[in-house]
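J.: My questions will all concern the structure given below.
Derivation of every value follows stated rules applied to the coordinates shown; laboratory data play no part. What you see is a predicted model; the values in this text were computed from it and never measured. Cβ coordinates were reconstructed from backbone atoms using ideal geometry, including for glycine residues, and neighbour counts include every protein chain displayed.
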Amino acid sequence: MSVKAGVHEKGTFTVQDALDNIRKDPNFHKAGAIGLFIGVVRGETFEGQNVEKLHLEAYEEKANQVLGKICDDLTRKPGVFNVQIHHLLGEFNVGDDLVYVAVAGSHRPEVFTALREAVERYKSEAPIFKKERAVDEKGSSAEYWVSEKRSH
């Protein structure tokens, strides 16, 4: 699979796929570094409740466009040759991978800067929606949609 960005059903795309995409890039010979961010399901809410499950959905067509645009924008920066953003959708348990962001560039500073910007931008721009199922201290379980502004 050689797509640079997009949403994928859980189990259909791996971190290795993202790295393989980068290594296949014709400009990879210019790279001196690959930076990788893997977002995983956190086991605790901001309020201290235990997370049981997470469900992710997306407005897929728009999410694919937004993620692709972020990658295109960042690839235009000096010293950055390839940016990959792949967000998974479906049902997730605590500790499961949710998103892979990888950046290849000539040197560490460019890679780290682009990696951070890619993560911050996908979180604020992509129409991807999270529903948490959490348990409070009394053992009551509740499901609710999570605002991205709260979930960094």
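J.: Enter the angle in degrees (range 0 to 90, nearest 10) between the Cα long axis of helix 15-24 and the first principal axis of the Cα atoms of the chain, meaning the one along which they spread out most.
T.: On a 0 to 90 degree scale, this one is about 10.
J.: Computed from the coordinates I sent, percent of Cα pairs over 24 Å apart equals one of (1) 26; (2) 34; (3) 56. Tell me the label.
T.: Entry (2).
J.: Please arrange Val3, Val99 by how many other C-beta atoms lie within 10 Å of their C-beta, fewest to most.
T.: Ranked by crowding around the Cβ, least crowded first: Val3, Val99.
J.: Separate question: Counting other beta carbons within 10 Å of each Cβ, put Thr12, Thr113 in order, fewest first.
T.: Fewest to most other Cβ atoms nearby, the residues stand as Thr12, Thr113.
J.: How large is the helix-only mean residue ellipticity at 222 nm for the chain, computed as the sum of -39500 (n - 2.57) over DSSP H runs with n ≥ 4, divided by its residue count, in deg cm²/dmol to the nearest 500?
T.: -9500 deg cm²/dmol
J.: Taking Cα pairs under 8 Å and at least six residues apart, what relative contact order does the chain come out at, in percent?
T.: Relative contact order for the chain comes out at 32 percent.
J.: If R0 is 35 Å, what FRET efficiency do you get for Phe46 and His107 from their C-beta distance, rounded to 0.05?
T.: Calculated transfer efficiency: 0.45.
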